[in-house]
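Written out below as structure tokens is the structure these notes cover.
The values are calculated or read from the model by the stated rules, or taken from the named source; none is laboratory data. In this text, all values refer to a predicted model and were calculated from it rather than measured experimentally. Positions of Cβ are generated from backbone atoms using ideal geometry, with glycine treated the same way; all protein chains shown enter the neighbour counts. These accessible areas exclude ligands, DNA and RNA; they are computed on the full protein's heavy atoms, side chains included. Shrake-Rupley method; radii C 1.70, N 1.55, O 1.52, S 1.80 Å.
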Amino acid sequence: MRAELRALGALAAEALLIGGDEDIAGIQRVASDAGLRGALGGTLTSLNVRMAASWLQHCEDRRLTSTATSNSWHQWAAGASNPERHNREPMSDEEVIAFIKRGVASSPRTSRTRLLRDLRDSGRACEQSRFAELFNRTMGQK
């Protein structure tokens, strides 16, 4: 996608990039800010989409890349950004599997997502894809 973005930047058209890993000449870029997750909700996976929607709400002069829009959004973002810090206790696979079994035994219809949220809310840590793999293995799913 880098080549397409560079070509877009060369057009001198009004363009905005939310996220990305580098600045591209001719395109205004807004770097991802995980600290906005609390204000915008959702997961980090879809944060850039919600940042883009928020940016559009700050287009008071109906110009995507105007100084007024940029200033409005950045002023809001500076006040809304609150980096999350988690002091969660890591768990072994066996501990995660035991947690899953207890959770399903006490509430058979609970979802994998709900169980992971419960685990994290209890101060313990497990990465989402690892939890999904352990959940599927524990529940006999592929």
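One table, with the values for the structure above:
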read-out	value
Heavy atoms of Ser81 accessible to a 1.4 Å probe, total area in Å² rounded to 10	40
Cα-derived Rg to Rh of the stretch 54-102, Kirkwood definition	1.46
Separation of the Ala68 and Arg102 label points, Cα + 7 Å toward Cβ, nm	5.7
Rh by Kirkwood over Cα pairs, then Stokes-Einstein D for the stretch 45-142 at 0.692 mPa s and 37 °C, µm²/s	200
Sum of -39500 (n - 2.57) over DSSP H runs of 4+, divided by residues of the chain (222 nm, nearest 500)	-15500 deg cm²/dmol
Neighbour cut-off at most 13 other Cβ (10 Å), DSSP loop, GluC sites (Glu not before Pro), the stretch 50-142	Glu60, Glu84, Glu127
Long-range HN-HN contacts of Arg124 with modeled amide H, under 5 Å	Glu89
Size descriptor, Kirkwood hydrodynamic radius, that averages inverse alpha-carbon separations across the stretch 90-142, Å	10.8
Interchain or long-range residues, amide H under 5 Å from Gly19's placed H	Val30, Ala31, Ser32
Hydrodynamic radius by Kirkwood, which averages 1/r over all alpha carbon pairs of the stretch 1-53, in angstrom	11.9
Cleavage-rule hits, trypsin sites (Lys or Arg not before Pro), the stretch 59-118, DSSP coil, Cβ neighbours within 10 Å at most 10	Arg62, Arg85, Arg109
Average accessible surface area per residue within the chain, 1.4 Å rolling probe, Å²	66
Share of carbon and sulfur in the accessible heavy-atom surface of the stretch 1-110 [1.4 Å probe, %]	51
